[in-house]
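Below: the structure, in structure tokens.
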Amino acid sequence: MSAESSSGYIKHHLQNLQVCSTQEGWQFNTAENPTLCKGNFNAINVDSMFFSLLLGFVFLWMFRSAAKKATIGVPGKFQAFIELIIDFVGTNVNDTFHGKNRLIAPLGLTIFVWVYMMNLMDLIPVDWIPGLAHSIGIPFLKIVPSTDVNVTFAMSLSIFVLILFYSIKVKGIGGFTKELTMNPFNHWSLIWLNLILELSALIAKPISLSLRLFGNMYAGELIYILIAMMGLYQIPLHFGWSLLHVLVTFLQAFIFMMLTVVYLSLAHEDH
């Protein structure tokens with residue numbers, strides 16, 4: 001494979017299917033014009049939206065089905081699997097979050113399972129679903145939503161809103177303002193320094209939360225693309241990398257969930 005074709009192959013697999021508002025109306029980017037929506041604020045990554053929502057509905061369906069079929073006797077394999085996930089998340093949330101909020105455990109469960117399902121899409125060979133989509137006229141298709149920084153940043157911004165909401169609700173506007181202006185140096189003359197430090201730490205939370213997940217999953221996807229370019233060698237390499245990547249996908253979902261719980265736990269602490 002030549003350098004030019006290799007570059008084109010990589011760019012094609014890293015290109016989202018987008019729709020954006022133009023002077024001619026809403027249009028999709030095409031193979032002939034892949035940069036149609038580049039730099040357009042109104043651009044929507046259709047594939048990321050589709051697969052993230054699809055996996056969200058699959059998550060809801062799985063857990064609702066388990067709840068409807070749950071028995072008090074010996075559970076079936078599916079029920080036992082769902083209960084194992086709930087116990088795992090519940091134990092970690094209870095060990096980390098020391099406040100009283102009925103939202104935190106369901107939120108942690110949703111984040112963990114949803115993000116993990118997004119990450120697991122990376123294990124599907126890179127040419128299978130995009131190749132099928134190409135055969136029916138869809139030029140681009142990225143199937144791993146967590147490799148889209150727009151998805152990860154949207155999730156982290158939602159967490160950031162909850163952090164601000166509970167910080168003000170628990171501590172009050174005055175308490176939250178005091179936390180930003182009187183920490184770590186409890187003196188009025190250093191309010192400006194405290195504000196810089198605390199606001200920087202506060203703003204860094206959603207940025208680091210989103211970029212950590214995006215960076216790890218994007219790197220994993222890129223490695224799969226490079227492996228797919230190696231001809232017959234790709235089968236053992238794909239299998240070997242998948243064994244490691246299964247752990248990476250789990251860890252990234254777990255870290256995203258735990259950092260969310262930690263941040264919300266800090267928001268509930270009233271000093």
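Bear in mind these aren't lab numbers, they're just calculated from the coordinates by the rules spelled out. Here the structure is a predicted model, which is why all the values come from computation and not from measurement. So basically every Cβ, Gly included, is an ideal-geometry build from the backbone, and we count neighbours across all protein chains shown.
Please give every one of the aspartates and glutamates within straight-line cross-link reach of Lys68, meaning a C-alpha to C-alpha distance under 16 Å, and leave out same-chain neighbours fewer than 8 residues apart.
Within the straight-line cut-off, Lys68 pairs with Glu83.
Going Cα to Cα from Lys38, which aspartates and glutamates come in below 20 Å? Please leave out same-chain ones fewer than 8 positions away.
Glu24, Asp47, Asp148
For region 27-128, what is the convex hull volume of its Cα atoms per residue in Å³?
178 Å³
Placing +1 on the Cβ of each Lys and Arg and -1 on the Cβ of each Asp and Glu in region 1-71, which of His13, Met62, Phe50 has its Cα farthest towards the positive end of the resulting dipole?
Positive-end residue among those listed: Met62.
What aspartates and glutamates could a cross-link reach from Lys169, if we take a straight Cα to Cα line under 12 Å and drop same-chain neighbours fewer than 8 places away?
In chain and number order, the partners are Glu269, Asp270.
Give the order of Glu269, Glu179 when sorted by the count of other beta carbons within 10 angstrom, beginning with the fewest.
Fewest-to-most ranking of Glu269, Glu179: Glu269, Glu179.
Local charge sum around Ser48 (other residues, Cβ-Cβ under 9 Å, Lys/Arg +1, Asp/Glu -1)?
-1
Pick from Val261, Val58, Val89: which residue has the top mean-square fluctuation in a GNM of the chain where Cα pairs under 10 Å get a spring?
Most flexible of the set in this elastic network: Val58.
Quote the charge dipole size of the chain about the Cα centre in Debye, to the nearest 20; the model charges only the Cβ of Lys and Arg (+1) and of Asp and Glu (-1).
Around 660 debye, computed over the chain.
Leu60 to Phe239: FRET efficiency via 1/(1 + (r/R0)^6), r the Cβ-Cβ distance, R0 30 Å, to the nearest 0.05?
E(calc), rounded to 0.05, equals 0.40.
About the Cα centre of region 1-133, what is the dipole size in debye to 20, counting +1 per Lys and Arg Cβ and -1 per Asp and Glu Cβ, all else neutral?
For region 1-133, the charge dipole is close to 640 debye.
For region 193-271, would you read off the P(r) tail past 15 Å as a percentage of all alpha carbon pairs?
Roughly 68 percent, once rounded to a whole number.
Among rounded, prolate and oblate, which fits region 1-79 when a ≥ b ≥ c are the square roots of the eigenvalues of its C-alpha gyration tensor, a/c under 1.5 means rounded, and a/b larger than b/c means prolate?
Verdict is oblate for region 1-79.
Sort Ser158, Ser210, Ser200 so that the residue with the fewest other Cβ atoms within 10 Å of its own Cβ comes first and the one with the most comes last.
Ser200, Ser158, Ser210
Given the options Ile255, Ala133, Phe176, identify the residue whose Cα lies farthest towards the positive end of the charge dipole of the chain (+1 on Cβ of Lys, Arg; -1 on Cβ of Asp, Glu).
Phe176
Using the Karplus curve 6.51 cos²θ - 1.76 cosθ + 1.60 with θ = phi - 60°, what ³J(HN,Hα) values do you get for each residue of region 149-154, in whole Hz, with x for Gly and Pro?
4, 5, 5, 5, 6, 5
Over all distinct Cα pairs, what is the inverse of the mean 1/r for the chain, reported as the Kirkwood hydrodynamic radius in Å?
The Cα-based Kirkwood calculation yields 21.3 Å.
What angle, in degrees between 0 and 90 and rounded to the nearest 10, separates the Cα long axis of helix 3-13 from the longest principal axis of the Cα atoms of the chain?
The helix 3-13 is inclined about 50 degrees to the chain.
Size of the dipole of region 121-271 about the Cα centre, Lys and Arg at +1 and Asp and Glu at -1 on the beta carbon, nothing else charged, in debye to 20?
220 debye
Compute the separation of the alpha-carbon centres of region 132-168 and region 93-113 and state it in Å as a whole number.
When both Cα centres are located, 21 Å separates them.
Taking other Cβ within 10 Å of each residue's Cβ, how do Cys37, Cys20 sort, fewest first?
With the sparsest Cβ surroundings first, the list reads Cys20, Cys37.
Take the Cα gyration tensor of region 63-195, multiply each eigenvalue by 5, square-root it, and list the three semi-axes largest first, rounded to whole angstrom.
Value: 40, 27, 11 Å, ordered largest first.
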